[in-house]
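Colleague: Below is the structure I would like to discuss, written out as structure tokens.
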Amino acid sequence: MILLQLILSGILIGGVYALISLGLTLIFGVMRIVNFVHGDMLMVAMYMAYWMFALFGIDNYVGLLVIVPATAALGALIYWGVLQFAIRRSHEASILATIGISIVLQNAALIIWSADYRSIHNELSTLSVEYLGIRLSAPLLIAFSVALVVTILLFAFLNHTYLGKAIRAASMDRYAAVLMGVNTRKIFTVSFAIGTALVGIAGGLLASVYTVYPTVGTQFLLVSFVVVVLGGLGSLRGAVIGGLIVGVVETASAYFIGSSMKELVYLLLFILILIIKPAGLFGQQLPGVNR
Amino acid sequence: MLKGRRPMMLSLILSVITLFAGCSPEREADEHRFKIGVAFPVSGNLAKIGQACTNGVEIAAELVNEQGKGFEIELIKVDVPDAVTAVHQVNRLILKEDVKVVIGTYASPISMAASGITERNRVVLWEVAATDPRLTRRGFRYVFRPNPDASMYGPATVRFLSEVVVPKLGLKNEDLKMALIHEDGEYGEAVAASTKEAAKKAGIPIVEEIRYNAKSTNDLSSAILRLKKAQADVINMVQYDTDAQLFWKQAKQLGLNAKVFIGNGAGQSSDNFGHVFGKAANGVLDTSSAISINPEALTPEMRETEKKFVQRYKKKFGKEPDLIARLAFSSSYILFNDVIPKAGGDDPDRIRQAALSLDKPVGSTIVGWGVKFDERGQNTRATMSVMQWQNGKLVVVYPQNFKKREPIMIPMHDSSKN
Amino acid sequence: MMEAKREPVKLVPITRSHMIGCGLAFLAVLLPFLLQNEPYYLDTLILALLWASAAGAWNLAGGYGGLLSLGHAAFFGIGAYTSTLLFVELDIPPLMGMLVGAFLAAIVGLMTGLVTLRMKGPFFALITIAIAEVLMIITVNWSDLTNGSQGVSIPYKPGFENIAFDSKVPYYFFALMICLIPVFIAHWLERSRYGYELMAVRDNETAAQALGINTVRVKVSILVVSSAITAVAGAFYAQYITIIEPYHEFSFAVSIQMVLITMIGGLGTAWGPVFGSLIVTGLDTFLRDVFMGAQGGLQALFYGLMLVLVVLFVPEGLIPRLRKRISSGKEDVTCG
């Protein structure tokens, strides 16, 4: 019984990780950017959700209607304004540029919104669903379901729309895509925007689960890297399954070994994957990157 | 070759100039104007707490300056988010600004680093919130800490349990099973250690101990499942703000029950806890310095001071002072109001003498402490109390003379009915 | 990305630049005494040199070797903890403990190098981050050995072998010595066959392999050297700051600091980390002065902005940029 509860709780938190990692893996798959700003975009989305709730009484679920386009726009701006130039220089430059932007965002948030902790507290946030002695957190269940829906929609988008296929083309072979008439500049901007919007959804949903403060993004950053590498950089399926695996592993090791050491378990897993199979579970072998 | 060297020289000159550009004119010394350094982390993870501490100290200085004691306190504030910056900034306060007294620092590594510098320079460090026991055990002459250290939390909790909870539940100490859940940083470890020791002495069995990392924990469900399994009567929590909230949310969701939930300052003392949970916070206890004690237990002077403090704080910062701000205020008020006048200035040796000579009864500060420093600089009358969330507010319920209300909800009802 | 045409040095008579170099060296030795009345500036300099040492060490692997490690704090922390624990538990003077720390870090560097041979760019960076994080968690949880999250306090026992002094001046010279080590090594790299091989591997590994260079030996060895020196910087840090704790010593922030400093000064140049550190530390101190007591976070905001701007506009660093500016068009870039 405890085992079942553990696995289910692990799957729930895994769903959260998956939702956050979808955007990260898309961005990496298309542009090969290791995006350190990802966690901070989550933070920005959470703040948006909070302020809409605190100032206008808008529920964070409803607030998604605003958060998603807003984070997408912010993502596009960051790409267009800074990252497109950094990519041209080198991988290293793009990593460092995202780190710099991350520091800027965190401290801007500190200055603008102060270090106070903000929380949304609506009836849903302490609610749980109970069935046969197993209890599952309601807001996490919602986040999980949304993660599933979003993944399906994303899949459909990437496989059945022109824009989606162009994105996939650009991620597989940038130069060939250009030859096929794909405007890679535009594609990259759109992909970054979509990737950011995805984490924006996560932020909106999680605003009622976690407390919001300027550095809240750092809580999730390393885990999402682990998920993305485990699942395979660029693979959406990988992000979902990777997220679930990490969630369950984390929860189980926290129970059996100790919460303090749970990070150690998935970090060692991370290192192992990077050594043995850097392409991850579903990732492509990328020439010049992990082949 | 020549062309190669010139830019290098230019760069060197440029960088040396930048290095020394951090130059602000020195303020003139003044017989009756004392520059006191204020060093708290106001950026980074501890920003909220550091800011609250700075606020408390500011009000203390204001109130004392207005009393017209014949001198004026001037605060020189620096940001010390970590140990390296602390060394640098405290050096700055001492060497450039010529301060003889530094108030700070809240976090353990910062206080350890800062005290290393102050002691070597014969400068006073007036610690207002750090609980690391080592701070006052290094044989330093110029470190003073009015607030309790971590080793005092355990005994206070256990006293409360033995004197109040055990009789109410009709049990004996040996039957009261306690579980601990604490963050694995220096605060959590130190308080948990003192709690375990005190529990052992009182014969209270510890049935489970969970350690977790506050910064990287997104999910405490495993911890809660283990606590459920342990079926403890008392759950003792040492948590910061965000993890305290996560824990309480998930505890409710997963149906964690215990007869008593008791925290230790930080997370459960925070105003956020009440804001976020409202009624759901009711019944949670908290061992810490008192937020506001029964006015009967305060000296008449302090009753006035407390009123003025709260009023002024609300006016200046737009919100009620939280516990940490009150602590910072109380500690610095002792320095400004009692020690400096007695010392006749800010000479460190005279400050030391004056501080050691203080002998004020319990109730002489707004958080209830008395003042009596031991040779090592630790205030031995830093009385702890136990508070409880009632009707969305934190009220003191122990000890007898401090309490404003009776403790309620012992035992807490089964939350599986939600 | 990085021009790397370097001419072998020929014997030359003493020129003006030699005299300038000597003048600077003289100044460097005289400086602490000139600053004796302004010990705060000396403190700033010492911190600048401390970070210059760590950044310089990173630069050997990152700048000259092309191994962009974002987890060098692992070695920094190993140095700090080894030297401190040996001192506190076994009374071994830090001067000795430093070397033990360097040795241990070198072993970890060796293992890291061997394990990451086939990893490129982002993957290498990610694994280094993970390694530093793993060491952090182990240090926090192995509290019997390391005192866990409460950290270890370094007792003040003045003495040369303890790297503890009453005055700041000896600290300055110590820091100066340590920071010159990577500079000399870098100089040597620019003139030796090993160095050429290293930079060849950095610029195009496949081509280097085709030329018969043993890329494994070259990459692993520079990582070993880099990690050892980083550990030495970490040990000195422990002695100067007198408190170490895992959340800082193994932190991502420390790793990034080394990278940022090198990027600003000049990736893959001998003096880049030194100038970069002088500028960053100077700017940091200056900004904290200006924003003193004001809103927290402003200084860090500028720090982040600086990183972004450098990456965008001056990615090779200030020294090469200034060099290019002044030596009009000619590409004979000699020693830095």
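Colleague: Of B:344, A:228, C:73, whose Cα points farthest to the positive end of the dipole of the protein assembly as shown (charges on the beta-carbon: +1 Lys, Arg; -1 Asp, Glu; origin at the Cα centre)?
Modeller: In the protein assembly as shown, that residue is A:228.
Colleague: On a straight-distance basis, which aspartates and glutamates could pair with residue C:168 in a cross-link, Cα separation under 14 angstrom, same-chain partners fewer than 8 positions away excluded?
Modeller: Result set, ordered by chain and number: C:38, C:43.
Colleague: Please give the charge dipole size of chain B, origin at the Cα centre, charges +1 on K and R Cβ atoms and -1 on D and E Cβ atoms. Round to the nearest 20 debye.
Modeller: 520 debye
Colleague: Pairs to check: B:201/B:252; B:315/B:404; B:259/B:393; B:168/B:200. Give those whose C-alpha atoms are more than 29 Å from each other in this structure.
Modeller: Among B:201/B:252; B:315/B:404; B:259/B:393; B:168/B:200, the Cα-Cα distance tops 29 Å for B:201/B:252.
Colleague: Right, another one. Ordered by residue, what ³J(HN,Hα) values in Hz, to whole numbers, does the stretch A:227-239 give under the Karplus form 6.51 cos²θ - 1.76 cosθ + 1.60, where θ = phi - 60° and Gly and Pro are x?
Modeller: 4, 5, 5, 4, x, x, 4, x, 9, 5, 3, x, 4
Colleague: Check which residues have an amide H placed less than 5 Å from residue B:387's amide H, if you skip close sequence neighbours.
Modeller: B:286, B:287, B:288, B:397
Colleague: State the extension gain, in nm to one decimal, for the chain segment bounded by residue A:62 and residue A:141, taking 0.36 nm per residue of separation less the distance between their alpha-carbons.
Modeller: 26.8 nm
Colleague: Got a sec to turn the phi values of the stretch B:82-94 into Karplus ³J(HN,Hα) couplings, 6.51 cos²θ - 1.76 cosθ + 1.60 with θ = phi - 60°, whole Hz, x for Gly and Pro?
Modeller: 8, 5, 4, 4, 4, 4, 5, 6, 5, 4, 4, 4, 6
Colleague: Further question: Taking 7 Å along the Cα-to-C-beta vector as the label spot, tell me the residue A:55-residue B:357 distance in nanometres, rounded to one decimal.
Modeller: 5.7 nm
Colleague: Another question about this same structure. How many Å³ per residue does the convex hull of the Cα positions in the stretch C:40-251 occupy?
Modeller: Values: hull volume 23.5 nm³, N = 212.
For the stretch C:40-251, the hull spanned by Cα atoms encloses 111 Å³ per residue.
Colleague: Another question, then. Counting only helical runs of four or more DSSP H residues, what would the 222 nm mean residue ellipticity of chain B come to if each run contributes -39,500 (n - 2.57) and the total is spread over all its residues?
Modeller: Details: 15 runs with 172 residues, N = 418.
My calculation for chain B gives -12500 deg cm²/dmol from helical runs alone.
Colleague: Let me ask something else. Could you put A:151, B:365, C:84 in order, starting from the residue whose Cβ has the fewest other Cβ atoms within 10 Å?
Modeller: If I rank by nearby Cβ atoms, fewest first, I get A:151, C:84, B:365.
Colleague: Where does helix B:241-254 land angle-wise versus the long Cα axis of chain B, in degrees 0 to 90, nearest 10?
Modeller: For B:241-254 against chain B, the angle is about 20 degrees.
Colleague: Identify which of B:191, B:397, B:165 has the largest mean-square fluctuation in a Gaussian network model of chain B, with springs joining Cα atoms closer than 10 Å.
Modeller: Between B:191, B:397, B:165, it is B:165 that shows the largest mean-square fluctuation.
Colleague: Defining a contact as two alpha carbons under 8 Å apart and six or more residues distant in sequence, what relative contact order in percent does chain B show?
Modeller: 17 percent
Colleague: Can you figure out the FRET efficiency of residue B:279 with residue B:32, using R₀ = 51 Å and their beta-carbon distance, to the nearest 0.05? Write out the running numbers ahead of the final one.
Modeller: Working: r = 52 Å, r/R0 = 1.02.
Calculated transfer efficiency: 0.45.
Colleague: Across chain A, how large is the tail of the calculated P(r) beyond 34 Å, expressed as a percent of all Cα pairs? Could you put the intermediate results ahead of the total?
Modeller: Numbers: 7420 of 42195 pairs.
Pairs farther apart than 34 Å: 18 percent.
Colleague: Amide H neighbours of residue B:143 under 5 Å, at least 5 residues apart or on other chains, H built in the peptide plane: list them.
Modeller: B:125
Colleague: Per the Kirkwood formula on distinct C-alpha pairs, the Rh of the protein assembly as shown is how many angstrom? Provide the component values of the computation, followed by the final result.
Modeller: Working: mean 1/r = 0.0334 Å⁻¹.
It works out to 29.9 Å.
Colleague: Hey, got the dipole for chain C? About the Cα centre, +1 on K and R Cβ, -1 on D and E Cβ, debye to the nearest 20?
Modeller: Approximately 1180 debye in magnitude.
Colleague: At R0 = 25 Å, how high is the FRET efficiency between residue A:256 and residue B:174 if r is their beta carbon distance? Nearest 0.05 is fine.
Modeller: 0.30
Colleague: Could you pull out every one of the aspartates and glutamates with an alpha carbon less than 17 Å from that of residue B:228, ignoring same-chain neighbours closer than 8 positions?
Modeller: Straight-distance partners of residue B:228: A:130, B:208, B:209, B:219, B:414.
Colleague: A follow-up question, please. Note the per residue figure in Å³ for the convex hull of the C-alpha positions in chain B.
Modeller: 166 Å³
Colleague: Could you list which residues have their amide H under 5 Å from that of residue C:67, counting only those 5 or more apart in sequence or on another chain, with H placed in the peptide plane?
Modeller: Counting only residues 5 or more places away or on other chains, the set is C:62.
Colleague: Less than 16 Å apart at the alpha-carbon level, and either on another chain or at least 8 residues along: which lysines does that give for residue B:360?
Modeller: Hits, sequence-local ones excluded: B:342, B:372.
Colleague: If you don't mind, another one. Longer than 21 Å from Cα to Cα, which of A:262/B:279; B:48/B:96; C:120/C:219 are they? Say none if no pair is.
Modeller: Beyond 21 Å: A:262/B:279; B:48/B:96.
Colleague: On to the next question. If you fit an axis through the alpha-carbon atoms of helix B:108-120 and take the longest principal axis of the Cα set of chain B, what angle between them do you get, 0 to 90°, nearest 10?
Modeller: Value to nearest ten degrees: 40.
Colleague: Using the alpha-carbon atoms, what tilt in degrees (0 to 90, nearest 10) does helix B:47-66 show relative to the longest principal axis of chain B?
Modeller: It is inclined by approximately 70 degrees.
Colleague: Right, next: Can you find, among B:203, B:170, A:16, the residue sitting farthest towards the positive end of the charge dipole of the protein assembly as shown, where Lys and Arg contribute +1 and Asp and Glu -1 at Cβ?
Modeller: Going by the charge dipole, the pick is A:16.
Colleague: Further question on the same structure: Under a point spin-label approximation (7 Å from Cα along Cα-to-Cβ), what is the residue C:157-residue B:65 distance to one decimal in nm?
Modeller: Result: 4.6 nm between the two label points.
Colleague: Which part of the stretch A:160-176 falls in the paramagnetic zone of residue A:84, meaning amide N under 19 Å from the point 7 Å along Cα-to-beta-carbon?
Modeller: A:163-164, A:166-171, A:174-176
Colleague: Where does each of C:205, A:263 land when they are ranked from fewest to most other beta-carbon atoms within 10 angstrom?
Modeller: Fewest-to-most ranking of C:205, A:263: C:205, A:263.
Colleague: Additional query: What's the magnitude of the charge dipole for the stretch A:2-276 around its Cα centre, counting Lys and Arg as +1 and Asp and Glu as -1 at the beta-carbon? Answer in Debye, nearest 20.
Modeller: It works out to roughly 840 debye.
Colleague: In whole Hz and in residue order, list the ³J(HN,Hα) couplings for the stretch A:146-155 that follow from phi through the Karplus curve 6.51 cos²θ - 1.76 cosθ + 1.60, θ = phi - 60°; x for Gly and Pro.
Modeller: 4, 4, 4, 4, 4, 4, 4, 4, 4, 4
Colleague: Once the cut-off is 13 Å, how many percent of the Cα-Cα pairs in the stretch C:177-227 end up in the long-distance tail?
Modeller: Values: 742 of 1275 pairs.
Everything past 13 Å amounts to 58 percent.
Colleague: While we're here: Output the relative contact order of the stretch C:40-251, whole-number percent, from Cα pairs under 8 angstrom with separation of 6+ residues.
Modeller: Dividing the mean separation by the residue count of the stretch C:40-251 yields 44 percent.
Colleague: Now, a different point. What are the semi-axes of the equivalent ellipsoid of the stretch A:23-72, taken as the square roots of 5 times the eigenvalues of the Cα gyration tensor, listed largest first and rounded to whole Å?
Modeller: Details: eigenvalues 139, 21, 8 Å².
With the √(5λ) rule applied to the stretch A:23-72, the semi-axes are 26, 10, 6 Å.
Colleague: Could you work out, for the stretch A:197-268, what percent of all Cα-Cα pairs fall into each 5 Å distance bin, beginning at 0 Å and stopping at the bin that holds the largest distance?
Modeller: For the stretch A:197-268, the pair-distance distribution reads 3, 15, 20, 24, 22, 13, 2, 0.
Colleague: Apply the membrane-span-like helix rule to chain C: whole DSSP H runs, Cα extent along the own long axis of at least 30 Å, mean Kyte-Doolittle hydropathy at least -0.5. List the helices found.
Modeller: TM-like helix candidates: C:94-115, C:121-141, C:168-189, C:215-241.
Colleague: Report the one residue of A:204, B:239, C:52 whose Cα lies farthest in the direction of the positive end of the charge dipole of the protein assembly as shown (charges on C-beta: Lys and Arg +1, Asp and Glu -1; origin at the Cα centre).
Modeller: A:204
All of the numbers you see were taken from the coordinates with simple rules; none came from a lab. Bear in mind that the values here come from a model prediction, so they are computed numbers and not experimental data. FYI the Cβ positions are ideal-geometry reconstructions off the backbone, even for glycines, and counts take in every protein chain you see.
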